[in-house]
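The values are calculated or read from the model by the stated rules, or taken from the named source; none is laboratory data. Computed from a predicted model, the values in this text were never measured in an experiment. So basically every Cβ, Gly included, is an ideal-geometry build from the backbone, and we count neighbours across all protein chains shown. Ligands, DNA and RNA are excluded from the accessible area calculation, which covers all protein heavy atoms including side chains. Shrake-Rupley method; radii C 1.70, N 1.55, O 1.52, S 1.80 Å.
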Amino acid sequence: MKYEYFISYAHDNGFGYSSVTLDQKIDGYELLLEIAKKITKDGNFNSQVIILNFILLKDKR
């Protein structure tokens, strides 16, 4: 099963948002850290983003 999330975050120049599709539900801090690191790398930010909120949009079967 796939899970699609809306992620809002803060970065060194302001705020942003993204959608992320995962194979598992977000169930803890460790997965949020991994997502933040990926957003930081993909967005080429100078410092790590901080996830402000996430919302499950839909379960894909």
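How many of the residues in region 16-46 are in a helix (DSSP H, G or I) and aromatic (Phe, Trp, Tyr)?
Qualifying residue count for the region: 1.
Okay, residues lined up against (1) open to solvent by 80 Å² or more (accessible area, probe 1.4 Å); (2) under 8 Å from the mean Cα position of the chain (by Cα); (3) not hydroxyl-bearing (Ser, Thr, Tyr):
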position: 5; (1), (2), (3): no, yes, no
position: 32; (1), (2), (3): no, yes, yes
position: 36; (1), (2), (3): no, yes, yes
position: 47; (1), (2), (3): no, no, no
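Taking only region 1-15 into account, find how many residues are in contact with a strand residue (DSSP E or B) (Cβ under 7 Å, 6 or more places away or on another chain) and outside any strand (DSSP E or B).
Of the residues in that region, 1 qualify.
Among the residues of region 7-30, which ones are in contact (Cβ under 8 Å) with a residue 24 or more places away in the chain, farther than 11 Å from residue 54 by Cβ and open to solvent by 30 Å² or more (accessible area, probe 1.4 Å)?
If the condition is that a residue be in contact (Cβ under 8 Å) with a residue 24 or more places away in the chain, farther than 11 Å from residue 54 by Cβ and open to solvent by 30 Å² or more (accessible area, probe 1.4 Å), then 11, 12, 13, 15, 21 are the ones that fit.
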